[in-house]
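J.: Following this message is one structure expressed as structure tokens.
Any read-out appearing in this document is the output of simple, stated calculations on the displayed coordinates, not a laboratory observation. Keep in mind that this is a model prediction, so the values were computed, not measured. Neighbour counts are summed over all protein chains in view; Cβ atoms, including those assigned to glycine, are modelled from backbone coordinates with ideal geometry.
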Amino acid sequence: MELPRTHSVELRAIRNVPEILNATFDFIREHFRPLSRLILQRAFPPLALGYIIYANIFSTVIVGGLDPFSYNRADPSGIALQALLLLVLFAVGYTLMITTLHVYVLQVLESESGEVSFDEAWKDTKAEFWRVFWTNVGVGLLYGVASVIVTFFSTLFSIFTPLLGSLVQLFSILAIVTTYAVYYPARLIEGAGFGYAFTRSSSLVAGSWWKTMGLILLCGLLILCMVLVTLVPFYIVVWLIRENIATVGWMDENRDLVRIISTASIALFASLLQLFSTFPLISLILHYFNLVERRESARLEERLEEIGVVDAEG
């Protein structure tokens, strides 16, 4: 089955940060139907189920766990099993999300007919799944170690002043995320090895480090705005319930209903947030192409200058 698309957004192009953001919006708009279909049918189900379980755990602890007389309702073993299932679902879902986006972009690059095949995209996603899965595991472990080191040094600086410790921790996290911002494009689009992808990312970002950080911060700001807009209806519903329905006695008598409402609300909000996360992923893919084109352009200029020098000497 073919997914029709247009392809007016040039992927391999040199852009500044505002142009990358605009190109991201254009890419999402042009490929919204086929790309959203791939994500919703393949990557989203395990994430949605995971968020439902997460919301259920959260509401169980909040609604039942804080009440000493109803603590037994929150079975610790049941929560542990749900947490384990949650971990598996998130691992699968995030792997599918990352793989699907990069595979789709690769098919856009390689397609000459102007169409992207849903079946081929899913076939390539399945073929890359375990490589991306174990990549995620390795990256997660490395970032875990890095987080421990950052926390240790930030705690040392907090001895002098808490503000200094917080600033060290914040800048350290931003530095790590910025330096390896295009790790996944280097790994999945370029085909770099697990270790070399880190080197490749830091090498590409080195000449545009502050621009890369600016792109990450702007993407975060845009997602924050999307989240705030999404939360408006939720806050209105909560306000209406508090003002017209919910009293302390009513909430105590309808504890199960409150848990269902809170579970559904958290799951819906978290699912929307996950969909919003596709924006920075696509932005970083476009930024990867931008950095590669800048690097190749610089090399071409150097070679032309060398040729010019040789001709002048000849």
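J.: With the crude spin-label approximation of a point 7 Å out along Cα→Cβ, what separation in nm comes out for L228 versus F153?
T.: Those two pseudo-labels are separated by 3.3 nm.
J.: Give the residue list of chymotrypsin sites (Phe, Trp or Tyr not before Pro) in the stretch 76-173 that are DSSP loop and have at most 15 other beta-carbon atoms within 10 angstrom.
T.: Filter output for the stretch 76-173: F160.
J.: Let a ≥ b ≥ c be the square roots of the eigenvalues of the Cα gyration tensor of the stretch 76-162; is it rounded (a/c under 1.5), or, if not, prolate (a/b larger than b/c) or oblate?
T.: oblate
J.: Given a Förster distance of 30 angstrom, what is the FRET efficiency for R29 paired with R295, based on the Cβ-Cβ distance and rounded to 0.05? Please list the in-between numbers first.
T.: Details: r = 29 Å, r/R0 = 0.95.
In this case the efficiency is close to 0.55.
J.: Something else now. With r defined as the distance between the Cβ atoms of V137 and I79 and R0 fixed at 25 Å, what FRET efficiency is calculated, to the nearest 0.05?
T.: 0.55
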